[in-house]
Amino acid sequence: MELFASNRPLHTEQTPCLILGVFEQKKLSASAQEIDKHIDHAISKLLERGDLSGSIGHSLMLYHPHGLIQAERILLIGCGKEENLNSFSFQKIIKHMTDVLSQRNIQDACSTLHLLDLKNQGKEGDKTDRKSDKNKDQKNNNLKFKVALSIRAISHESYKFQEFKSKPDTHHKTLNKLVFSCPDQKNLDLLAQINQGIQEGQTIAEASIQARYWGTLPSNICTPSYLANQAEKIINHLKNNFKNTADKLSIKIYGEPELTQMGMNCLLAVGKGSREETKLIVLSYQGSPNPTDKPHAIVGKGVTFDSGGLCIKPRQNMCDMKMDMCGAAAVISTFEAAVKLNLPINLIAVVPAAENMPDGNAFQPGNIIKSHQGLFVEIVDTDAEGRLILCDAMSHVISEYKPQSILTTATLTGAIIISLGHHLSGLFTNDQDLADKVFEAGKKSHDGVWQLPMNDQYQDQINSQVADIANLGKDGAGSITAASFLSRFVGETPWVHIDIAGTAMAPQGATGRPVALLVQYLMDLV
Ligand SMILES: [Zn+2]
C-alpha cells in the first residue's frame with residue numbers, strides 16, 4: 001500500500017473516494033463540515049433526513065457530489081457519539097472503513113478520519129490514565145499516533161492468508177493507495193507528523209503481518225531451519241537496502257554440534273525427539289552512536305511445533321501448536337523494524353528454535369538436565385518445554401553480551417489465557433522500572449500487558465527433590481511459576497517476561513502480537 005500525506009485544501013483533493021466522519025445526533029466532523037459547504041450542504045441534508053445514523057459500523061456512499069469538489073465520491077463513515085470516541089472505537093471505525101472500501105473495490109482513497117479528536121480511555125480501568133487525563137488527550141490527538149494506528153488497523157483488517165488456496169479469492173481487494181489529508185496548509189509541522197506516522201505505522205504493520213504470517217504457516221514449512229533462513233534473508237535484505245547498516249548488523253546461527261559444545265543442554269533436550277535440527281539464532285544490531293553501549297536483548301520462544309513430547313497433548317486443538325513460535329516471530333520481526341526505523345540503540349535478538357516431538361530419542365519425564373547456566377533441571381513434564389529453551393538462551397545472552405536489559409516473550413502457558421483471556425499479555429519482572437516502561441509501551445501501542453505477581457512464595461512451587469529446580473510448578477499459578485523458573489536464570493539483569501499465549505494465538509489464529517508493543521518499547525528507550 002502506498003501512503004502519502006497531502007496538505008491540499010480538502011475540496012481540491014483529486015481522489016476516487018474522499019472519506020469523512022460523521023457522528024450520531026446528526027453531527028458532522030470538522031472535515032465533513034468543510035466539504036459540506038462546497039456541496040450545497042448535501043451531507044447535512046442526508047443526516048437531517050435520517051439516511052445515516054452516524055453509529056459505528058454504518059456508512060453511506062455519495063456518488064457524483066455536486067458542487068466544487070474534486071473527489072469522485074464521498075464515503076461517510078459513522079463514528080458513534082462524538083464524546084465517546086477513543087482509540088479503541090477509532091480502530092473499529094478504521095476497520096469498518098477498510099471493509100467498505102474492499103467490498104466496493106475502491107483501492108485508492110483519501111482519508112480525514114485521523115483528524116478526529118480522540119477522548120481519553122478511562123474505561124480501560126487503568127490507573128495512569130486517570131492520573132494524566134490531559135496528557136493522554138494530547139497524546140491521543142497526536143496526528144502521528146492516529147496515522148500510525150490507522151495504518152496498523154487497515155493492514156490488520158486487509159490481511160488474508162491465501163498461500164495454500166489453489167483458487168485464491170480474487171474478489172478480496174485491498175487498498176493500493178491511501179492519502180492522509182493534512183488540515184492546515186501552512187503548518188508544516190503537522191505534515192511532518194503525518195509523514196512520521198506513515199513511516200512508523202507502515203514499519204510496525206509490516207513487521208506484525210510478517211509475524212502473523214510465520215505464525216500461520218504450518219509446522220511442516222515453518223521449522224527451526226526455516227526461521228533461521230528467514231532471519232538470514234532479513235539481515236541480507238537490510239544490509240543491501242538500508243543505508244549504513246552493513247557494518248552494524250550480524251547474525252549467528254548455531255546448529256546442534258555447536259549447541260552441544262556450548263552446553264545448551266536444556267534447549268537440545270527439547271529437540272531430541274525431532275528430525276528437525278534445533279537452532280539458536282542470534283541477531284545483532286549496533287545502532288547506538290556509542291559502540292560500548294550495552295545492548296538491550298529480546299528473546300523469543302521458537303517451538304515450531306509442540307506436540308507436548310512424551311507427555312503428549314490431547315488431540316483437540318493440537319494443530320494450534322504450530323503457533324508455539326509466535327515469540328520467535330515477534331522478536332525477529334521487531335528486530336527488523338528497529339533497524340528500519342534506524343533506532344540508535346544496540347540490540348540483540350535471540351531465538352532458541354526447536355520442535356518438541358515424542359520419539360525413541362525424546363527426552364523423558366524424570367530426566368535431569370544440566371542447563372547452560374549450570375543449574376540442574378528435573379523434567380517433570382516434557383510439555384513444559386518453552387522455559388527450557390528460554391533458560392539456556394537467556395543465560396547465553398547474559399554471559400556473552402552482558403545486556404543492560406532482557407525481555408523474553410513466549411507463548412509460554414495456557415494458564416495465562418485463564419487469567420487474562422486474549423486481550424492483554426501477562427507481564428512478569430524482577431525490575432519494576434523496566435516493567436513500568438513495558439506497561440506504558442503496551443498502552444501506547446494498543447498491545448497491552450497486565451502485571452502478575454512474582455513473590456518469593458511461588459519459588460517454592462518449583463523446588464525439586466532430586467535436582468536444583470523442576471520444570472513444572474505444583475499447586476496452581478502456572479503462568480507465575482513458569483516465570484519464576486525463568487527468573488532463576490536471569491541473575492541481576494533487569495528483566496521482563498511477557499506471556500503471549502492468549503494474545504499471539506487468538507481463536508481466529510496468529511495475530512502478530514506483541515510486535516507493536518516491542519517496537520514501541522524500543523522506540524521509547526531512545
Ligand atoms: Zn509445551
Legend entry - Helical mean residue ellipticity (222 nm; -39500 (n - 2.57) per DSSP H run of 4+; nearest 500) of the chain: -11500 deg cm²/dmol
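Going by how many other Cβ atoms sit within 10 Å of their own, how do Ser250, Ser150, Ser59 line up, fewest first? Write down the numbers at each step before the final one.
Details: Ser250 12, Ser150 26, Ser59 21.
Result, fewest neighbours first: Ser250, Ser59, Ser150.
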Inset, instruction - Fewest Cβ neighbours within 10 Å first, please rank Thr503, Thr413 accordingly. - result: Thr413, Thr503
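Rounded to the nearest 5, what % of DSSP beta bridges with both residues in the chain are antiparallel?
Taking every DSSP beta bridge with both residues in the chain, the antiparallel ones total about 45 percent.
Using r as the Cβ-Cβ distance of Ala246 and Gln432, and R0 as 41 Å, what FRET efficiency do you calculate, to the nearest 0.05? Walk me through the intermediate numbers first.
Values: r = 39 Å, r/R0 = 0.95.
Once rounded, the FRET efficiency stands at 0.60.
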Inset, instruction - Give, in nm to one decimal, the length gained when the segment between Asn361 and Asn229 is fully stretched (0.36 nm per residue of separation minus the Cα-Cα distance). - result: 44.9 nm
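Only Lys, Arg, Asp and Glu count, each charged at its Cβ (+1, +1, -1, -1), so figure out the dipole size of region 2-207 about its Cα centre, rounded to 20 debye.
Details: 28 positive and 26 negative charges, 73 e Å.
So the dipole magnitude of region 2-207 works out to roughly 360 debye.
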Inset, instruction - Calculate the translational D of region 218-525 in whole µm² s⁻¹ from Stokes-Einstein, where the hydrodynamic radius comes from the Kirkwood formula applied to all Cα pairs, the temperature is 10 °C and the viscosity 1.306 mPa s. - result: 84 µm²/s
Inset, instruction - Past 31 Å, Cα to Cα, is the threshold; run Lys294/Lys444; Lys81/Lys340; Lys160/Lys444; Lys243/Lys444 against it and keep the listed order. - result: Lys81/Lys340
Legend entry - Environment charge at Pro365 (Cβ cut-off 11 Å; Lys +1, Arg +1, Asp -1, Glu -1): -3
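Could you estimate the translational diffusion coefficient of the chain from the Stokes-Einstein equation, with Rh from the Kirkwood formula over C-alpha pairs, at 10 °C and 1.306 mPa s, in whole µm²/s? Before the final figure, lay out each step's value.
Working: Rh = 24.4 Å.
Result for D is 65 µm²/s.
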Legend entry - Label-point separation in nm, Asp456 to His66, each point 7 Å along Cα→Cβ: 8.0 nm
Legend entry - Likely footprinting exposure, Cys266, Cys319, fewest C-beta neighbours within 10 Å first: Cys319, Cys266
Inset, instruction - Specify which residue in the list Phe428, Ser333, Tyr159 is farthest towards the positive end of the charge dipole of the chain, using unit charges on the beta carbon of Lys, Arg (+1) and Asp, Glu (-1), about the Cα centre. - result: Tyr159
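So if we plug the beta-carbon distance of His172 and Ser55 into 1/(1 + (r/R0)^6) with R0 = 25 Å, what FRET efficiency do we get, rounded to 0.05? Mind showing how you got there, number by number?
Details: r = 26 Å, r/R0 = 1.04.
Rounded to the nearest 0.05, the efficiency is 0.45.
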Inset, instruction - Show the residues, 5+ positions off or on another chain, whose built amide H is closer than 5 Å to the amide H of Ala510. - result: none
Legend entry - Glu492 versus Asp475: modelled label distance in nm, points set 7 Å from Cα along the beta carbon direction: 3.2 nm
Legend entry - Table column - 3J(HN,Hα) (Hz), region 173-189, Karplus curve with 6.51, -1.76, 1.60, x for Gly and Pro: 9, 10, 4, 9, 9, 9, 9, 9, 6, 10, x, 10, 5, 8, 8, 6, 5
Inset, instruction - Compute the length gained on full extension between Gln261 and Arg8: take 0.36 nm times their separation in residues and subtract their Cα-Cα distance, giving the result in nm to one decimal. - result: 84.8 nm
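Values in this text are rule-based calculations from the coordinates and carry no lab data. Because the structure is a prediction, the values reported are computed rather than measured. Neighbour counts run over all protein chains shown; Cβ positions are idealised from the backbone, glycine included.
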